[in-house]
Structure formats: C-alpha cells, structure tokens
1. Scanning the stretch 71-86 for residues that are out of contact with any Asp or Glu (no Cβ under 6 Å at 6 or more places or on another chain) and closer than 16 Å to residue 19 by Cβ, which turns out surrounded by the most Cβ atoms within 10 Å (Cβ to Cβ)?
2. So for the stretch 73-92 (the condition being under 12 Å from residue 26 (Cα atoms) and of a type in the set (Lys, Arg)), does at least one residue qualify?
3. So which strands (runs of 3 or more DSSP E) are wholly in the stretch 30-94 and hold at least 1 residues that are within 17 Å of residue 12 (Cα to Cα)?
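Bear in mind these aren't lab numbers, they're just calculated from the coordinates by the rules spelled out. These numbers come from a predicted model, not from an experiment. Cβ placement follows ideal geometry from the backbone for every residue including glycine, while neighbour counts extend to all protein chains displayed.
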Amino acid sequence: MGQPSPTSPDRAVAALAGTFTGSGASPSVQVSNRFNVTVYGTFVATLQLERSFDGGTTWNKVSSYNRTVSYVENEPESGVLYRMNCTSFTSGSISYRISQ
C-alpha cells in the first residue's frame, strides 16, 4: 500500500502545520507523550521548537533547526503547548508539522 495522496484527510489526533516565509511564531498545539516534528523546505533561517507550561504566556526553547529534519519528541506532561518560532529568516520557504 502506498502513501496517502496529498488530498487525503490527516489522521493525526493533534496536528499543526504551516509555512514560514519570514520571521514569526506559529499558532500552538497541545500534545503529550510521543509526537512527530518535521521541518522541510529550501531555506536560510533558524527555526525553534518551543513549549509552554502556562497556557502560552511564557515560551521555552526545546530545540533549534536550520535544515530539514524529522524526528519524534516525548512530552510526559499533559496540557503542554508546542509551537514553531522562526527567529531569524534570510530566504526561502520553511514548512513545518507537529503531529500526534
């Protein structure tokens, strides 16, 4: 069986996806336990995965990327918010996805 087509509905329980073409922060998504993080595109920029324990008032850097990556994170606490933050942007287009 092949990959689902791009028009197939996303089957993730929680998903946040988008594209950066400049600096700024994404909306947030609540995830816990194991979840996927994917960053892809052709870009010159720095992107940070951030989390908040207080409903989005304060954000803490989890990891930083300046290239295409895909991996699994683990959040043992429930109620934690995650977002992507493009902290420096020079050129290109950066797509991201956080899903569970």
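1. Looking at residues that are out of contact with any Asp or Glu (no Cβ under 6 Å at 6 or more places or on another chain) and closer than 16 Å to residue 19 by Cβ, I get 84.
2. yes
3. The qualifying strands (runs of 3 or more DSSP E) are 33-52, 69-75.
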